[in-house]
Amino acid sequence: MTARLDVPFAVVQQARQRWDVAGDELDGAWRRLATTSTAELDTDVVAAVEGFREPWADELKAAAEQASGYAAEIVYFRGLVVVADQEQAERLRSLLPWAQHDAAVTGG
Amino acid sequence: MTIIHVPAHVPACPIMVSTPVGAQRLGTDLRAVAVAVKNVQGWASSISAPEWEGDTADAHDHAATRFAVRLDGAEAALDRAVTAADLFEERLAALFERRTTLTAERAEVNADIDTLSTEIAAATDESRVPEFERRAARLTTRADGLVARIDTWVRDRDAAEADLVAALRGVDTVAEGVQAAADPGRPDVAALTTRLRGLRGDPTGLAAWWATLSRAEQEALTTEHPELVGNADGLPITDRDEANRAALGRDLDYLTQRRDDGQLSAAEKRVLENATYVRDALGEYADQIDPETGAALANVVVYQPGLHSGDGGIAISFGNPDTADHVSVNVPGLTSETSSTSGNLAKTLALHQAALDEGKGTVASVYWLDYDAPSGNPINPFDPLGQLDFGGVALTDKAEAGGERFGDFIDGLRASDEGDRAHLTAIGHSYGSTAVGYALHDGLPVDDAIIIGSPGQPTGTAAELTGADVWVGSMDHDPVSLLGTGDRGGIGALGHDPADVDFGGHRFETGDGALRVEKLLDNHSSYFSGTSLDNMAHVVAGNEGEVSYQPGRGAPGGDYLTLSELLAVSTTATVGDGLLAGGTWLLEHLRPGGIMVP
C-alpha cells in the first residue's frame, strides 16, 4: 500500500534545511546557556543563575534534538520514491509549513 | 584633664563580590541565548497554523506549531532573565561609582582623624582644647554620616542581588516559562520593530523614542533584532554594545555548530571568521575596565560581519562616547578589514591613554571601520597584468560612500550624547582620511578633524572642507602622503595634499620617518606613536596649546621630496623608475591588513 504527498520537492527540501538550521541554532544556544558565565558574581546570585540555566538548558537541548530529528525524518521520507503509507505521508506533511497542511495525500 | 572624643576610623566599604563586569558577562550570555531562541521561534511561528485557521486537531499535529509554542515559554523566561540581568548590571555600575566616592571620602576622614589624634597627643597644655573639641565634633558628624551612607550602600547592593535572584527564580521552571509567555504585559515586539525601522535614519528621533521604552521593551527588541539595535545610529552606546555582543555570541555559537556539521556556506564562513576576529580582539582587552563604571572599557558600537564584500563592518570604543567629555573616532584606510581589528585597536588604545593623560576630562576613543575600504596598492593602481585595479584605491567612490556612512555614524553619536555636548574629533588615516574628508565636506558635525597619512582631500583648502579645525599629520617619507596634488605636483587621483601650505590646515609635528624603502610603510603606519601621537592626543583632549608644528609643504622650511624622488632615493633607482619600482615593492609587501601592520 503506497501513498503520495502532493507538495513540491523544493518545499520538502527547504523544510529539511530549516529544521536542520533550527537544530544547530538551538544546539549552540543550550551549550552557551549551560556554561553561562558566573565569574565575579556572589554565591546567592550564582546559585540563582545555576537554578535558572539547568532546566532551560535541558529544555533547549531537547528542542534542539527534536528539530534535528525532524530534519532527519524528512531526509528519510525524501529517500523514498513514494511515501510508504498514508500515515507516513501525513507525518511528513506535519513537518512542513502550515501552508501545506491541506496538501493532498493520494493513493494509500 | 579634658577628655576629647575623637571618632574611630570609618570602616571600609565592603568589596563588591558581584561586579559590573560579572553582571555584564552574564547578561551577554543570556542575550546570546535569547537571540538564538527567538530566531528559531520566529521561524517556527512564521510557518505555524494561525490561531484563526484550521481545526485544532490539525494544528495540534503540526510540528512547527507545537514547536513554536514550546519555544515561546523559553523565550519569555529568557526575556525576564535578560531584563533582570540588565537592571542588575546598571545597579552594580552605580554602586561601583558610589563605592569609589565613599572609599575616597573614607580615606580623607580617616586621615583627618589621624591628624587630630596626633595633634591632641602632642599638645602640652589645654590651650587648644576648645579647637580640638570643635574639630572632633565635626569629624564625628562626618564619620557618622559616612558610616550611614556605607550602610545604605550595603543595603542597596543586597537589594540589587536579591532582585536578580528573585527574578531568576520566578522563571526557573518550564511551567513558569509558559506562564510568563501568557503574560498579557509582554512587550509587543512586532509593533516596536516597525517603529524602530521607521525611525532609522533619524538618530535624534530614534534616541528620543528609545528613551520612552521600558527596560523590558528595550531588551525584548535587543534580543529579537540585535542587528537593528546594535547598529542603529542614535541609540545609547551601552545598549548597542549589549546588542552587538549578543549577536556576536549567537554567531559564534550557531556558525561553529554549522562548521562542525560541515554545512557552512562561503558567506557563513566569512562571517564566522570575522566574528572570531572580533571575539579575539575583545579578548585582548577584556582586562581593561572603565574606571568610572567598573564595566568593560570596550564597547562594540558596530557589528556587521557580513557587510562590505565579506570584509565585515566593526566599530569598537574604549570608554563611553555618550558620557565622555572628549570623543575621537578614527577611520583606518586601505586593506583594513575585520581581520585587522586587533592591530588597529592597539593604536586606538594608545591614543585613548595618551588623551586621558592630558588630564582634561573623560575620554572615549572609537575605532570605526564600517565602510568598504579598498584593498589595492596606493602607489601603483595597476594590477600585475597592467590593468587598472578598479577594486583598488585610486578611485574615490569608496571614500565617498564611506564618508556618507561615517556621517551617519557621527550624527548618531551626537544624538546619543548625554549632558554637555562632547568635544568631538574625527581622525582619518590613509584612504580613511579621504573618506573623512568627504564626510567633512558634507557637513560632519565635529569640532576637530585630524588627517594623517592622507593620499588626498576632496577640496583644495581646509576652509572649503569644513568649519572644524583641520589638523594634518604627514611624514615627508610616507609615500602615501605624497599622492595628493600640491605645489610640486602629485598624482591627485584622490584629491589635494592637505599638508600643502596652500591647503591651510594646521600641520603638526610628526617627524619625517626613515628614508629606506623597507621603512616607507612603517612611516605610513607610525602616526599613532611618538610625537605624532602626542600631538593627536593634545587635539583630542582640547589641549591645542601644547601642539608642536612643522611647516606646510611649500612653505619656508617645508622642503620635501616628491613621490617619485622619494621612491628613487629610497630604492637607489632613477627618478624616472622610482614610481614604478616603489609601487611594485609596495604591491609585493601589501597583505590583508598589511599597510596598517608593519
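Table: residues versus (1) surrounded by fewer than 13 Cβ atoms within 10 Å (Cβ to Cβ); (2) in a helix (DSSP H, G or I); (3) in the same structural domain as B:LEU95 (by TED's automatic domain parsing).
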{"residue": "B:THR124", "(1), (2), (3)": "yes, no, yes"}
{"residue": "B:PHE132", "(1), (2), (3)": "no, yes, yes"}
{"residue": "B:ARG142", "(1), (2), (3)": "no, yes, yes"}
{"residue": "B:VAL147", "(1), (2), (3)": "no, yes, yes"}
{"residue": "B:ILE150", "(1), (2), (3)": "no, yes, yes"}
{"residue": "B:ASP158", "(1), (2), (3)": "yes, yes, yes"}
{"residue": "B:ASP163", "(1), (2), (3)": "no, yes, yes"}
{"residue": "B:ALA167", "(1), (2), (3)": "no, yes, yes"}
{"residue": "B:ALA175", "(1), (2), (3)": "yes, yes, yes"}
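When A:GLU87 is tested against the conditions (1) within 10 Å of chain B (Cβ to nearest Cβ); (2) without any contact (Cβ under 8 Å) to a residue 40 or more places away in the chain; (3) not β-branched (Val, Ile, Thr), the lone failure is (1).
Scanning the stretch B:10-32 for residues that are at the interface with chain A (Cβ under 7 Å from one of its Cβ atoms) and in a loop (DSSP other than H, G, I, E, B) yields B:VAL17, B:SER18, B:THR19. Among the conditions (1) in contact (Cβ under 8 Å) with a residue 40 or more places away in the chain; (2) surrounded by fewer than 24 Cβ atoms within 10 Å (Cβ to Cβ); (3) more than 30 Å from B:ALA148 (Cα to Cα); (4) among the aliphatic types (A, V, I, L, M), B:ALA93 misses just one, which is (3). None of B:SER564, B:SER532, B:SER525 is buried (at least 22 other Cβ atoms within 10 Å of the Cβ), of a type in the set (S, T, N, Q) and at pLDDT below 90 except B:SER564. Among B:THR293, B:THR256, B:THR238, which is among the hydroxyl-bearing types (Ser, Thr, Tyr) and part of a loop (DSSP other than H, G, I, E, B)? So the residue among B:THR293, B:THR256, B:THR238 that is among the hydroxyl-bearing types (Ser, Thr, Tyr) and part of a loop (DSSP other than H, G, I, E, B) is B:THR293.
Would you pick out the residues in the stretch B:257-285 that are within 20 Å of the chain's Cα centre (by Cα) and without any contact (Cβ under 8 Å) to a residue 12 or more places away in the chain? The answer is B:GLY283, and nothing else.
Conditions tested, residue by residue: (1) touching a Pro at 6+ places or on another chain (Cβ under 6 Å); (2) without any contact (Cβ under 8 Å) to a residue 12 or more places away in the chain; (3) acidic (Asp, Glu).
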residue	(1), (2), (3)
B:HIS5	no, no, no
B:THR19	no, no, no
B:ARG31	no, no, no
B:SER46	no, yes, no
B:ASP58	no, yes, yes
B:ALA77	no, no, no
B:ALA85	no, no, no
B:GLU97	no, no, yes
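Residues in the stretch B:328-356 that are at pLDDT 95 or above and outside any helix (DSSP H, G or I) were compared, and the one that is surrounded by the fewest Cβ atoms within 10 Å (Cβ to Cβ) is B:VAL329. Once the stretch B:45-63 is narrowed to residues that are modelled with pLDDT of 90 or more and more than 7 Å from every other protein chain (Cβ to nearest Cβ), the residue that is nearest to A:THR35 (Cα to Cα) is B:SER45.
When the residues of the stretch A:46-58 are filtered to those that are at the interface with another protein chain (Cβ under 7 Å from one of its Cβ atoms) and touching a Ser or Thr at 6+ places or on another chain (Cβ under 8 Å), which remaining residue is nearest to B:ASP158 (Cα to Cα)? Steps first, answer last, please.
Here is the first cut: in the stretch A:46-58, the residues at the interface with another protein chain (Cβ under 7 Å from one of its Cβ atoms) are A:48-49, A:51-52, A:55-56.
Adding the requirement that they be touching a Ser or Thr at 6+ places or on another chain (Cβ under 8 Å) leaves A:49, A:55.
Details: A:VAL49: 16, A:PRO55: 26 Å.
Selected residue: A:VAL49.
So which helices (runs of 4 or more DSSP H) stay within the stretch B:178-233 end to end and still have 2 or more residues that are farther than 17 Å from B:ARG80 by Cα and touching a strand residue (DSSP E or B) at 6+ places or on another chain (Cβ under 8 Å)? Walk me through it before giving the result.
On the way: elements: B:189-199, B:203-212, B:215-224, B:226-230.
Here the list reads B:226-230.
Selection of the stretch B:79-110 for residues being among the hydrophobic types (A, V, I, L, M, F, W, C) and more than 30 Å from B:VAL174 (Cβ to Cβ) yields B:ALA93, B:ALA94, B:LEU95, B:PHE96, B:LEU102, B:ALA104, B:ALA107, B:VAL109.
A single entry from A:THR36, A:THR2, A:THR106, A:THR43 fulfils the requirement of being of a type in the set (Val, Ile, Thr) and facing another protein chain (nearest Cβ under 7 Å): A:THR36. In the condition set (1) modelled with pLDDT under 95; (2) at negative phi, B:VAL472 is compliant with all but (1).
For the condition buried (at least 22 other Cβ atoms within 10 Å of the Cβ), aromatic (Phe, Trp, Tyr), closer than 30 Å to B:THR323 by Cα and in the same structural domain as B:ALA175 (by TED's automatic domain parsing), B:PHE67 does not qualify. For beta carbons closer than 7 Å, sequence separation of 6+ or different chains, a first residue in the stretch B:209-229 that is over 15 Å from B:GLY42 (Cβ atoms) and a second that is not in a helix (DSSP H, G or I), the qualifying pairs are B:TRP210/B:LEU235; B:ALA216/B:PRO187; B:GLU217/B:PRO187; B:VAL229/B:LEU235. Is it fair to say B:GLU75 is surrounded by fewer than 21 Cβ atoms within 10 Å (Cβ to Cβ) and acidic (Asp, Glu)? No. When the residues of the stretch B:464-476 are filtered to those that are surrounded by fewer than 24 Cβ atoms within 10 Å (Cβ to Cβ) and assigned to a loop (DSSP other than H, G, I, E, B), which remaining residue is nearest to the chain's Cα centre (by Cα)? So, considering only residues that are surrounded by fewer than 24 Cβ atoms within 10 Å (Cβ to Cβ) and assigned to a loop (DSSP other than H, G, I, E, B), the one nearest to the chain's Cα centre (by Cα) is B:ALA468. Among the numbered conditions (1) in contact with a strand residue (DSSP E or B) (Cβ under 8 Å, 6 or more places away or on another chain); (2) closer than 18 Å to B:PHE88 by Cα; (3) buried (at least 18 other Cβ atoms within 10 Å of the Cβ), the only one that B:ILE289 does not meet is (3).
Every residue, every condition in (1) within 14 Å of chain A (Cβ to nearest Cβ); (2) among the hydrophobic types (A, V, I, L, M, F, W, C), yes or no:
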| site | (1), (2) |
| --- | --- |
| B:ARG197 | no, no |
| B:GLY201 | no, no |
| B:ALA216 | no, yes |
| B:ALA220 | no, yes |
| B:ALA232 | no, yes |
| B:LEU235 | no, yes |
| B:THR256 | yes, no |
| B:ARG259 | yes, no |
| B:LEU272 | yes, yes |
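Here the condition is being over 14 Å from B:PRO374 (Cα atoms), of a type in the set (Lys, Arg) and assigned to a helix (DSSP H, G or I); of B:ARG421, B:ARG405, it holds for B:ARG405 alone. Taking the criterion of being of a type outside the set (Ser, Thr, Tyr), under 27 Å from the mean Cα position of the chain (by Cα) and closer than 15 Å to B:THR562 by Cα, would at least one residue in the stretch B:423-439 satisfy it? No - not one qualifying residue is present in the stretch B:423-439.
The values are calculated or read from the model by the stated rules, or taken from the named source; none is laboratory data. Predicted, not measured: the structure shown is a model, and the values here were computed from it. We place every Cβ from the backbone using ideal geometry, glycine too, and count neighbours over all the protein chains shown.
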